[in-house]
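Following: one structure in structure tokens, then a few remarks.
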Amino acid sequence: LQRLWINELASQGDMTAEEYRAFCKLHIGVPILRNENEKFRQSYDEHMKWRDYQEKLRFMAEPHDFPVTRLMTVKQHKQFLDELYIFFTSQGFKLTDPENLRWGDYD
């Protein structure tokens, strides 16, 4: 679902899929993990927090790919996806409704 939405964002917006992925990791994923994972918070604060914004985005993307979503619990990843959906649909993006995927309605 996350990859589907990232690709949908790229097809509608002005960034590449990898740029949207980095944006989501930084703006949605990092706050979730910093609040709930002490080890992540310490690592992020030591290696990333002091960097400028553009550098943080670069480190969220390939080839650096600072780990964020892959460290999440199921509950945290659901929160991440919920926040991603709400944020981007409120900006006018059309993302596949996950309930439609459940029932095979892809329109």
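The values are calculated or read from the model by the stated rules, or taken from the named source; none is laboratory data. Note that the coordinates shown come from a computational prediction; the quantities given were computed from them, not determined experimentally. Counting neighbours? That spans all protein chains shown, and the Cβs are built from the backbone with ideal geometry, glycine included. Ligands, DNA and RNA are stripped out before the accessible areas are found, and what is left, the full protein with its side chains, is counted by its heavy atoms. Shrake-Rupley method; radii C 1.70, N 1.55, O 1.52, S 1.80 Å.
Give segment 23-58 a look and list any residue that's of a type in the set (Phe, Trp, Tyr) and either in contact (Cβ under 8 Å) with a residue 24 or more places away in the chain or open to solvent by less than 40 Å² (accessible area, probe 1.4 Å) (or both), or say none. Once the filter is applied, which keeps residues that are of a type in the set (Phe, Trp, Tyr) and either in contact (Cβ under 8 Å) with a residue 24 or more places away in the chain or open to solvent by less than 40 Å² (accessible area, probe 1.4 Å) (or both), segment 23-58 yields PHE23, PHE40, TYR44.
Scan segment 59-76 residue by residue and report those that are open to solvent by 40 Å² or more (accessible area, probe 1.4 Å) and part of a loop (DSSP other than H, G, I, E, B). Talk me through it step by step, then tell me what you get.
Let us first name the residues in segment 59-76 that are open to solvent by 40 Å² or more (accessible area, probe 1.4 Å), namely 59, 62-64, 67, 70-71, 73-75.
Once the filter is applied, which keeps residues that are open to solvent by 40 Å² or more (accessible area, probe 1.4 Å) and part of a loop (DSSP other than H, G, I, E, B), segment 59-76 yields GLU62, PRO63, HIS64, PRO67, THR73.
Criterion applied to GLN91, GLN79 was being closer than 18 Å to ARG34 by Cβ and open to solvent by 50 Å² or more (accessible area, probe 1.4 Å), and the one residue passing it is GLN79. Using the structure shown, decide if SER43 is over 23 Å from ARG3 (Cα atoms) and either hydroxyl-bearing (Ser, Thr, Tyr) or in contact with a Pro (Cβ under 7 Å, 6 or more places away or on another chain) (or both). When the stated conditions are applied, SER43 passes them.
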